[in-house]
Amino acid sequence: MSGIVIVGAQWGDEGKGKITDLLAERADAVIRFQGGNNAGHTIVRHGETWKLHLMPSGILYPGKTCVIGNGVVIDPKVLTDELDELRGRGVDTSGLRISANAHMIMPYHMMLDDAGEARLGKLKIGTTRRGIGPAYADKASRIGIRVQDLLDEKILKKKIVAALEPKRLALRPFARDPRLDLQAITEEYLAYGRRLSEYIADTTSLVWDKLDKGDMVIFEGAQGALLDIDHGTYPFVTSSNPIAASACIGSGAGPKDIDEIWGIAKAYSTRVGSGPFPTELHDALGDDLRRRGGEFGTTTGRSRRIGWLDLVALRYAARLNSLTALVVTKLDVLSGLDTIKVCTRYRGEDGAEFDTFPYHQTVLHHATGDYVELPGWSEDISEARSEEELPENARAYLRFMEEFIGVPIVLVSVGPGREQTMWTAAGRATAPGQAVPAG
Ligand code: GDP
Ligand code: IMO
Ligand code: MG
């Protein structure tokens, strides 16, 4: 096996960072292929917490090749701050490589993100306000600024002028904002270019070389399938494609380079920001799960919305991504419930039943879940290290999930720490690399 894609199978924050870090030990490279610093990937190691926004979750292994691919949008301030923080904490970041073709998030993108949300008022998307949408919009309009442009003052200035021109009306409220001064932006971004120049590379060739040698490359997704701009709950989505197909586009790998696609899913559901969420809990139980699961955004600190596991959405994500394996995280958070509900079907406003994810926004907005109730367990499972140590009802919960989705569960996570993880029998049989820990 050489190419393995790790994607969020829900609405983001499934634990992609933790699982990528776990697998990265055996990988030759980890590459981010979409999104930007809207992502917040948490890794907990030996009790120490790392929150990564742009840096691939392999960076904690000294010198590991960690690539920010062409499909990512980069806020260079966030990236340089992240580099400084990691270095300050003793991490060797020499393996970082940044695609010269990745697009930059510019100061005006953040202003436009804010202005867009303000304009939408009650209909706002609830973005992370990091300028992600406007940066991808400029990329599609072919007036984006790329990493390579930071290395040439004349080109950079010309491109900023061209990018600002069509935004004049929208940026009028910010006309006096010093962040919009052409010379100041040019100088600021040239300085970032100088800071980052040692890492800028032809990352597509680099990834090809690794794949052609049979090296293991992890493609680390951000966000999740239901936030996909094409297949998610549009318009309440992010502005990129977090699904596996995008791993190729955002890195330069070809579809045949991908051998495994692992979807990460929590044992329940969460969502940050606005948009339909058929299994959402609006009661004290939801508050309790939020508290127990620490469901507050890594990037914005916002409370995450909580809901029961949604198998209709998860089966949709499994098909969209061609998942070869499922990883279930946060099973520990469900301990102590008498019964646990699992959504197996949606019901529309008029009583119509939906076994598959409805394509129509109006249907989805009014859909509620039909549930199967499964027996819970009372034991604290955060110390379990093998499936055999899990209570029978917890194992039955996993089996129900696996059978409904039709994709094997290879890993189960019962806490934020990297040791709070267990391989299932299916995982031990198929996991990438040889050094799979027993149990
Ligand atoms: P990502 O964006 O998919 O990488 O996920 P986040 O890092 O934003 O959110 C997942 C949160 O859950 C982080 O705070 C993790 O430390 C934590 N976490 C991951 N796996 C588990 C688990 O199995 N149990 C518990 N209780 N927390 C977990
Ligand atoms: P990770 O990688 C959860 C959500 C925002 C908002 C919508 C659009 O940590 O799983 P954007 O700023 O992207 O234009 O916001 O997408 N969102 C996320 N939700 N996890 C994320 O990333 C997210 N990145 C964006 O809350 O609803
Ligand atoms: Mg996150």
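Numbers for the structure displayed
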read-out	value
Failed condition for Arg172, given (1) of a type outside the set (Asp, Glu); (2) open to solvent by 50 Å² or more (accessible area, probe 1.4 Å); (3) over 30 Å from Phe236 (Cα atoms)	(3)
Flag for Leu120 being outside the structural domain of Gly250 (by TED's automatic domain parsing), closer than 25 Å to Leu227 by Cβ and part of a helix (DSSP H, G or I)	yes
Leading residue by the ranking (farthest from ligand 1 (Cβ to nearest atom)) among those in the stretch 402-434 that are open to solvent by 20 Å² or more (accessible area, probe 1.4 Å) and part of a loop (DSSP other than H, G, I, E, B)	Gln434
Some residue of the stretch 326-338 being away from ligand 1 (no atom under 14 Å from the Cβ), under 19 Å from Pro278 (Cβ atoms) and either not hydroxyl-bearing (Ser, Thr, Tyr) or not assigned by TED's automatic domain parsing to the domain that holds Arg130 (or both)	no
Answer from Ala201, Ala170 - the residue that is over 28 Å from Lys51 (Cβ atoms), away from ligand 1 (no atom under 16 Å from the Cβ) and hydrophobic (A, V, I, L, M, F, W, C)	Ala170
Every residue from the stretch 22-48 that is near ligand 1 (Cβ under 9 Å from one of its atoms) and within 16 Å of the chain's Cα centre (by Cα)	Ala39, Gly40, His41, Thr42, Ile43
Answer residue from the stretch 293-317, given it is of a type in the set (Lys, Arg), open to solvent by 40 Å² or more (accessible area, probe 1.4 Å) and out of contact with any Leu (no Cβ under 9 Å at 6 or more places or on another chain) and is nearest to ligand 3 (Cβ to nearest atom) among those	Arg302
Qualifying positions in the stretch 328-384 - touching a Phe, Trp or Tyr at 6+ places or on another chain (Cβ under 7 Å), in a loop (DSSP other than H, G, I, E, B) and among the aromatic types (Phe, Trp, Tyr)	Phe357
From Ala39, Ala137, Ala27, residue being of a type in the set (A, V, I, L, M, F, W, C) and open to solvent by 20 Å² or more (accessible area, probe 1.4 Å)	Ala137
In the stretch 184-221, the residues that are farther than 21 Å from Val78 by Cα, assigned to a helix (DSSP H, G or I) and open to solvent by less than 70 Å² (accessible area, probe 1.4 Å)	Thr204, Ser205, Leu206, Val207, Lys210, Leu211
Flag for Ser378 being among the small types (Gly, Ala, Ser) and open to solvent by 40 Å² or more (accessible area, probe 1.4 Å)	yes
Check on Glu82, under 24 Å from Asp13 (Cα atoms) and more than 18 Å from the chain's Cα centre (by Cα)	no
Criterion violated by Leu227 - all others in (1) open to solvent by 10 Å² or more (accessible area, probe 1.4 Å); (2) within 12 Å of ligand 2 (Cβ to nearest atom); (3) touching a strand residue (DSSP E or B) at 6+ places or on another chain (Cβ under 6 Å); (4) aliphatic (A, V, I, L, M) satisfied	(3)
Candidate set from the stretch 245-292 (those that are polar (S, T, N, Q) and either within 16 Å of ligand 3 (Cβ to nearest atom) or surrounded by 19 or more Cβ atoms within 10 Å (Cβ to Cβ) (or both)); member that is nearest to Thr324 (Cα to Cα)	Ser246
Flag if Tyr371 is surrounded by 21 or more Cβ atoms within 10 Å (Cβ to Cβ) and modelled with pLDDT of 95 or more	no
Selection within the stretch 30-72 - touching an Asp or Glu at 6+ places or on another chain (Cβ under 7 Å) and away from ligand 2 (no atom under 16 Å from the Cβ)	Leu60, Tyr61, Pro62, Gly63, Thr65
Residue within the stretch 304-315 that is touching a Ser or Thr at 6+ places or on another chain (Cβ under 9 Å), aromatic (Phe, Trp, Tyr) and within 15 Å of Cys343 (Cβ to Cβ) present	yes
Residue within the stretch 59-81 that is among the hydroxyl-bearing types (Ser, Thr, Tyr) and closer than 28 Å to His231 by Cα present	no
Residue match in the stretch 318-339 (condition: over 24 Å from Lys18 (Cβ atoms), surrounded by fewer than 16 Cβ atoms within 10 Å (Cβ to Cβ) and touching a residue at least 40 places away in the same chain (Cβ under 8 Å))	no
Within the stretch 140-169, considering residues that are among the small types (Gly, Ala, Ser), assigned to a helix (DSSP H, G or I) and under 30 Å from the mean Cα position of the chain (by Cα), the one surrounded by the most Cβ atoms within 10 Å (Cβ to Cβ)	Ala163
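The values are calculated or read from the model by the stated rules, or taken from the named source; none is laboratory data. Because the structure is predicted, anything quoted here is derived from the model rather than measured. With ideal geometry, Cβ positions are generated from the backbone for all residues, glycine too; neighbour counts draw on all protein chains shown. Accessible surface is based on the protein model in full, side chains and every heavy atom, while ligands, DNA and RNA are left aside. Shrake-Rupley method; radii C 1.70, N 1.55, O 1.52, S 1.80 Å.
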